[in-house]
Structures are given as C-alpha cells and as structure tokens.
Amino acid sequence: MKNQLEKIRAEAAGLIAAAEGEQTLDALRVRFLGKKGELTAILKQMGGLSTEERPFVGALANEVRGELEQAVAARAGALAASAQARRLAAETIDVTLPGKKPVLGGRHPRGIVLDELKTIFLGMGFSVATGPEIEYDKYNFEMLNMPKSHPSRDTQDTFYVTENILLRTQTSGMQIRTMLSQKPPIRIICPGRVYRADAADATHSPIFNQIEGLAVDRGITFTDMKGTLDLFFKQLYGPETKTRFRPHHFAYTEPSAEMDMSCYKCGGKGCPMCKGEGWIEILGCGMVHPKVLENCGINPEIYSGFAFGAGLERITLMRYAIDDMRLLYDNDLRFLRQFNEGGMQP
Ligand SMILES: [Zn+2]
C-alpha cells in the first residue's frame, strides 16, 4: 500500500506540473483527489491493515493528499497568470498611433447670413421676434388687411391645417402679435421659416425663410424706411451699394414699394448675375397700412410705421453668388464645407 501511495505521488506530481489548461488540471484533480479518485480508493482499503501499519499509512496518505492539493493550486495559479499575460499582450494599445479625428459640424451659409443681418439690425436698435410656424388665418392674413375674399391671397398658395389655421406664408403674424402685445415705439425683425405650396426649382421651395422688419413710432416716414434699408444693404454688400425703390402694391402697406439694389457683381454695369439690368430685386416694403395699425389697437392718427420683408435664401444666394436655391437644402457636405474654413473636415 505504501508503494501504491508513492507511485500515485510521483505520477500525479508529474502530470499536474505538466498540465496545460484548466480543464486538464481539473480532470487530474478528479482522477487523483476526487471522491472516486485513486487516492480515495487506496484509503478505502486501510481497513485491511494491521493496527501497527495503519497510522503510518494514514499519515503518508494525508501527506500525499496535501502535496497533491498544493500542486493543483500552484498549477492553477500559474495557468491563470500565464493566461492573463497572454491577454494583456493581445490587448496592447499602441498609443503612438494617430487617433481618429471627430468630424466637426459647421455653420450653414443661411445661418451665417442670418447672423450678419441680425447684427446689423440689432445695431440699429431693432430686436428679434420669433413665433409659431402654425398660425391663425387671422394673424397671417385677416389683420393684415387681407380678408378671406381678398385677391392678394391668391398669390400666396397656402397650406391650410383647418379653415382657420395654416402654415404661415410669411412671418407677418409676428408683426401683428407684437403690435397687439406691445405699445410703440416698436422696432423688430422677424426671421423664420414660412411655407407656400410651390414646387421646388432653382428659385422656389415650399419651405423657405423670410426676414421681415417693422418700425412703429410717432412721426415715422418713408424717408426713415429708405434710410434704414439703404444702410442695411450698404453694411451687407459694401458702402458703394446703391438702392432704388419702385412703386408696388401690397394689401398691408400704403404706399408700397419694391426695392432693388445695385448689382454687387458688376456694380450696376450689367452682367449675367443681374441679367444685364445692373439692379437686383431684393425686397418688398412700405408704410404700414393705417387699417393694420387700427386692427392692432394703434391709433394711425398718432403713430405711423414701415415694414419690409425679404427672402433669406435669396439674400444668401446673392451673398455667395450661388445659382441654385436647392443647394441650400440638399445637405451636400462638399457644398457646405466651402463656408466653413477649418471646420467639417472628414
Ligand atoms: Zn450685374
């Protein structure tokens, strides 16, 4: 029996020390130390030993068990350590490799131009008024001197939500809302999205942006309007820019005018940009109709005002000499990157 124990001790020690992998090691543990293992099998035969032999064999068996248990634990530790070493080696990060640069967003040309416009008007004492894009017919048309039967409504193909609610066709609703809630003096600009049932082409889109302006106070005259708008375009396109006003008709202004500015490209000589005219049509304007003031509870005998409205896309196209409005909506990064030096690099 003693020989059997020595044999197990030698054999097991060798196998355990050489075990590759946790599964092999566990199988060896079960084979030698398990309940049905070889060591247990020998111990079960101890009943057949004499009383003199039994303590010696018992002590030896315990010694062998202890040794094997230790060997298994040591081998398990060594295997775990080498597994971790392999994992660390495989997961090594080369911190000297170049990193991935995040793509930075950039500013849309229309937003850049809108900020320029805001800066110019804020400098002249105007503030910015914004409001709902889903508007009451009342604020979009009726109070602007365009009752339901008015022919001017035909020129603005409207998306109606209900009979009395629509997608605003102009930001004029904000002029009305401001006049209803605020006493003169009023000086506001109203930039924002507007909607008209137009098919998209190089100069039209069913969604576009307007910027309107309104000034109401005692003694405001047509000259104030001309001076304000002339200064606005000189600041935007340069001090040599000239402006001119042509008579026009709008329901909400009287008198009304359309304003042209001298072509920024040829300086008024005539070129493809201005179609040989030397002038570019830029906005509509006029003195606020007395009826509109009255509708908003402002006495037209005491107060007067001027208003104007321009397409923000149109100003943006001209600012950057872009020939197709759809480029402003396409989200083509090759186009948009041109307006953002340093930003939006892939
Ligand atoms: Zn020109």
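Extents of the stretch 1-146, largest first, come to 124, 43, 22 Å (Cα atoms, principal axes, whole angstrom).
Nearest 500 deg cm²/dmol is fine: what mean residue ellipticity at 222 nm does the chain get from its DSSP H runs of n ≥ 4 alone, each adding -39,500 (n - 2.57), divided by its residue count? Can you show the working numbers first?
Values: 11 runs with 137 residues, N = 346.
Counting only the DSSP helices, I get -12500 deg cm²/dmol.
If R0 equals 51 Å, the separation of the Cβ atoms of LYS36 and LEU97 corresponds to a calculated FRET efficiency of about 0.40. For the stretch 196-346, the fraction of C-alpha pairs farther apart than 25 angstrom is 41 percent. Cα convex hull, the stretch 117-256: 131 Å³ per residue, rounded to a whole number.
Here are some pairs, LYS234/LYS275; LYS118/LYS291; LYS234/LYS265; which of them have Cα atoms lying more than 23 Å apart in this structure? Don't skip to the end; give the middle numbers.
Working: LYS234/LYS275 21 Å; LYS118/LYS291 29 Å; LYS234/LYS265 14 Å.
Too far apart for the 23 Å limit: LYS118/LYS291.
With the alpha-carbon atoms of the stretch 52-100 aligned to their principal axes, the span from lowest to highest coordinate is 78, 10, 8 Å, starting with the largest.
Hey, with R₀ at 56 Å, roughly what FRET efficiency would ASP198 and LEU88 work out to, going by the Cβ-Cβ distance, to 0.05?
The calculated FRET efficiency here is 0.30.
In the frame of its principal axes, the stretch 150-222 has Cα extents of 42, 30, 23 Å, reported largest first.
So if I place +1 on the C-beta of Lys and Arg and -1 on the C-beta of Asp and Glu, and nothing else carries charge, what would the dipole magnitude of the chain be about its Cα centre? I want it in debye, nearest 20.
On the way: 42 positive and 42 negative charges, 132 e Å.
In debye, rounded to 20, the chain gives about 640.
Take the chain and mark each of the GluC sites (Glu not before Pro) that is in a DSSP loop with at most 15 other Cβ atoms within 10 Å; the longest unmarked stretch, sites excluded, is 164-239. Annotation: the antiparallel percentage among DSSP beta bridges lying fully within the chain is about 95.
When a/c is below 1.5 the answer is rounded, else prolate if a/b is larger than b/c, else oblate, so apply that to the stretch 72-126 with a ≥ b ≥ c taken from the square roots of the Cα gyration tensor eigenvalues. Display every interim value, and only then the final one.
Numbers: a/c = 8.58, a/b = 5.09, b/c = 1.69.
Note, shape of the stretch 72-126 comes out prolate.
Please report the projected area of the chain's Cα convex hull averaged over all directions, in nm². Could the numbers behind the result be given before it?
On the way: hull surface 137.0 nm².
Projected over every direction and averaged, the Cα hull of the chain covers 34.3 nm².
In this calculation the C-beta distance from THR119 to ASN164 is compared with R0 = 41 Å, giving a FRET efficiency of 0.65. In the stretch 35-117, the alpha-carbon atoms span a convex hull of 194 Å³ per residue. Helix check for the chain. Which DSSP H runs span at least 15 Å along their own axis by Cα, with a mean Kyte-Doolittle hydropathy no less than -0.5? Passing helices, by number: 2-18, 22-33, 53-90, 109-123, 222-237.
By the Stokes-Einstein formula, at 0.692 mPa s and 37 °C, the stretch 266-332 with its Kirkwood radius over alpha-carbon pairs has D equal to 219 µm²/s.
Coordinate-derived values only; no laboratory data. Owing to the predicted nature of the structure, the values given are computational and were not obtained by experimental measurement. Cβ sites come from the backbone with ideal geometry, for glycine too, and all protein chains shown count toward neighbours.
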